[in-house]
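To keep things clear, I will list the structure first and then write my remarks on it.
The values are calculated or read from the model by the stated rules, or taken from the named source; none is laboratory data. Being a predicted model, the structure only gives us computed values, none of them experimental. Cβ atoms come from the backbone with ideal geometry, glycine included; neighbour counts cover every protein chain shown.
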Amino acid sequence: MKGRLPILVVTVVLAASASGRNIQQNQRAENRPNPQRGQRVKPTHADEKYGEHEKQAFDLYLVDNEEPTPLFIWIHGGGFRGGDKRGVNAYMLKRFAEHGVSFASMNYRLSDVGPYPMQMLDSARGLQTIRHRAKRYNIDPKRIACGGSSAGAGISMWLLYHDDLADKTSDDPVTRQSTRISCAVSIAGQTSYDPRVIRTLFNTDQVHEALVTLYRMRDAKDLHRPALIKLFEDASAINHATRDDPPLYLYYPQANEPLPVNSTGKQHIHHPKFGPFLRAKTDKLGLETVLKLREDYETGNRNDPAIVRDQVDWVLKHFDIEAKKTD
C-alpha cells in the first residue's frame, strides 16, 4: 500500500487540533498573496447574502443596460481554507464590462467550518440565489458562466459537470432554481480531488494538506474507508462529466515539467497534468475542452492581459457575443 509515513505525518499533526489548527491554517492562507488580485474595483452591490453565515455572500459588478445582461461568477481559490471574494482581476472585470457582461465574486464557507461538500453546495446555492433574483439584478438567467483559480476552479468544474441540483418540488423558491451554467473557466484547477487518483497520477505518497482538512482525514487508513471514498469520488469534477455537459476552458500557469517521484502536495497540486487527464475523458464524450499551458504564452503570469483576454473572449463566444479586437 502506498502512503505510509508521509501522509501519517501530515494527518497526525492536523488531527491533533481539529479546530485551533484549522483556524491557524485559514489565517495563513488568507495572508498569502492572491495572484488574481488586481486593482480594487468597488462593487455595485457588496456582500449580497445567500445564507446566514458571513461567508455566504457575493459581490456584484453590474453593467447598466436596458436588456438583461449575461453574468460571469468568479469563485476564489485558497485551498478551501482561505481566500476572499475581494480578490478579483481588474482587467477581467473591465473586459467583461466592455462587452455588456456583469460580474459576481463569490465567497463560501471554508473547510474550518465544515468538510466537503459544503463548499460546492454553498457555491451552488449562491448561483441559485442569483438566478432567483435575476430580475432584481437585471441578469439573464440563461447566460451564466463560472470560473475560478485552484479551489475555485475545482468548484466551477464541479458545477459545470454535476447534475442539476434544482428541486422543482421544494417550497423554497431558491432551491427550485437550476445550477446548470453555460461554460466554465478553470485556472490551475484540480480535475480530481480523489487523493488516490492524485497519488497515482503523480507517482507520489504525498497528500496535500488542503485535502486532508477538506475530508477530515486522520491517517493513511482513511484512503480506504468507504465513507471517505464516496466523498473523494463525488468531489472530483471528472467523475460527473457526461455527453450533455457545457464547454470548459483550462489554463495552467505552472510549467509543464516532469515532477520528481514522491512530489510534495505543493509541487503537484496545480500541475498541468490535471488538464490532459480530464481531456482524455471529455474528448471521448465529445465535449469541448480547451487546454492552455504556460508555454503557450510569452509569460506564465496568470494576470497577463493576453492570457486573461483569451479566457474572457472564449466565455463571450459562448454567450454569443463578438469580442472586440482591441482593449
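Could you tell me which residue of the stretch 249-263 is farthest from Leu293 (Cα to Cα), considering only residues that are within 24 Å of the chain's Cα centre (by Cα) and free of Cβ contacts under 8 Å to residues at least 60 places away in the same chain?
In this case the residue turns out to be Leu259.
Any residue that is hydroxyl-bearing (Ser, Thr, Tyr), touching a helix residue (DSSP H, G or I) at 6+ places or on another chain (Cβ under 8 Å) and modelled with pLDDT of 95 or more - is there at least one of those in the stretch 210-223?
Yes - at least one qualifying residue is present in the stretch 210-223.
Taking Arg243 as meeting all but one of (1) modelled with pLDDT of 95 or more; (2) assigned to a helix (DSSP H, G or I); (3) surrounded by fewer than 22 Cβ atoms within 10 Å (Cβ to Cβ), write down the number of the exception.
(2)
Which of the residues belonging to the stretch 177-210 are of a type in the set (Ser, Thr, Tyr), under 21 Å from Arg81 (Cβ atoms) and out of contact with any strand residue (DSSP E or B) (no Cβ under 6 Å at 6 or more places or on another chain)?
Across the stretch 177-210, the qualifying residues are Thr191, Ser192, Tyr193, Thr204.
Residue by residue, here is whether (1) loosely packed, with under 15 Cβ neighbours inside 10 Å; (2) at pLDDT 50 or above; (3) within 29 Å of Asp320 (Cβ to Cβ) holds:
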{"residue": "Gly20", "(1), (2), (3)": "yes, no, no"}
{"residue": "Arg28", "(1), (2), (3)": "yes, no, no"}
{"residue": "Pro33", "(1), (2), (3)": "yes, no, no"}
{"residue": "Lys49", "(1), (2), (3)": "yes, yes, no"}
{"residue": "Asp59", "(1), (2), (3)": "no, yes, yes"}
{"residue": "Gly79", "(1), (2), (3)": "no, yes, no"}
{"residue": "Gly83", "(1), (2), (3)": "no, yes, no"}
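For Ile130, which of the numbered conditions (1) under 20 Å from Asp167 (Cβ atoms); (2) surrounded by fewer than 23 Cβ atoms within 10 Å (Cβ to Cβ); (3) touching a strand residue (DSSP E or B) at 6+ places or on another chain (Cβ under 7 Å) fails to hold?
(2) is the only condition that Ile130 fails.
Of the numbered conditions (1) under 18 Å from Leu159 (Cα atoms); (2) over 14 Å from the mean Cα position of the chain (by Cα); (3) of a type outside the set (Asp, Glu); (4) assigned to a loop (DSSP other than H, G, I, E, B), Leu110 fails exactly one; give the number of that condition.
(2)
Among the residues of the stretch 138-187, which ones are farther than 13 Å from Leu121 by Cα, hydroxyl-bearing (Ser, Thr, Tyr) and surrounded by fewer than 17 Cβ atoms within 10 Å (Cβ to Cβ)?
If the condition is that a residue be farther than 13 Å from Leu121 by Cα, hydroxyl-bearing (Ser, Thr, Tyr) and surrounded by fewer than 17 Cβ atoms within 10 Å (Cβ to Cβ), then Thr169, Ser170 are the ones that fit.
I'm trying to understand the selection: among the residues of the stretch 216-228, which are within 18 Å of Met120 (Cβ to Cβ), part of a helix (DSSP H, G or I) and in contact (Cβ under 8 Å) with a residue 12 or more places away in the chain?
Within the stretch 216-228, just Leu228 meets the criteria.
Is it the case that Gln190 is modelled with pLDDT of 95 or more, buried (at least 24 other Cβ atoms within 10 Å of the Cβ), farther than 22 Å from Phe274 by Cβ and not β-branched (Val, Ile, Thr)?
Spelling it out, it is not the case that Gln190 is modelled with pLDDT of 95 or more, buried (at least 24 other Cβ atoms within 10 Å of the Cβ), farther than 22 Å from Phe274 by Cβ and not β-branched (Val, Ile, Thr).
Please state which of the following conditions Arg279 fails to meet, knowing it meets all the rest: (1) within 20 Å of the chain's Cα centre (by Cα); (2) touching a residue at least 40 places away in the same chain (Cβ under 8 Å).
(2)
Any chance the stretch 154-162 includes a residue that's outside any helix (DSSP H, G or I), under 17 Å from the mean Cα position of the chain (by Cα) and modelled with pLDDT of 95 or more?
There is at least one residue in the stretch 154-162 that is outside any helix (DSSP H, G or I), under 17 Å from the mean Cα position of the chain (by Cα) and modelled with pLDDT of 95 or more.
When you go through Lys85, Lys94 one by one, which is the residue that is part of a loop (DSSP other than H, G, I, E, B) and farther than 22 Å from His240 by Cβ?
Criteria check complete, one pass: Lys85.
Write out, first by first residue and then by second, each pair whose Cβ atoms fall under 7 Å of each other, whose residues are 6+ apart or on separate chains, and whose first residue, in the stretch 126-143, is within 16 Å of Gln56 (Cα to Cα) and at pLDDT 95 or above while the second is part of a helix (DSSP H, G or I) and not acidic (Asp, Glu).
Sorted first by the residue in the stretch 126-143, then by its partner, the pairs are Leu127/Leu159; Ile130/Tyr137.
For the stretch 260-282, which residues satisfy the criterion of being surrounded by 15 or more Cβ atoms within 10 Å (Cβ to Cβ) and of a type in the set (A, V, I, L, M)?
Across the stretch 260-282, the qualifying residues are Ile269, Leu278.
Inspect the stretch 85-94 for any residue being among the aromatic types (Phe, Trp, Tyr) and free of Cβ contacts under 8 Å to residues at least 60 places away in the same chain and give the result as yes or no.
So far as the stretch 85-94 goes, no, none of its residues is among the aromatic types (Phe, Trp, Tyr) and free of Cβ contacts under 8 Å to residues at least 60 places away in the same chain.
Does the stretch 93-105 contain at least one residue that is at pLDDT 95 or above, among the β-branched types (Val, Ile, Thr) and crowded, with 17+ Cβ neighbours inside 10 Å?
There is at least one residue in the stretch 93-105 that is at pLDDT 95 or above, among the β-branched types (Val, Ile, Thr) and crowded, with 17+ Cβ neighbours inside 10 Å.
Go through Val290, Val315 for me and flag whichever is within 15 Å of Ala184 (Cβ to Cβ), of a type in the set (Val, Ile, Thr) and not in a helix (DSSP H, G or I).
Going through Val290, Val315 in turn, just one is within 15 Å of Ala184 (Cβ to Cβ), of a type in the set (Val, Ile, Thr) and not in a helix (DSSP H, G or I): Val290.
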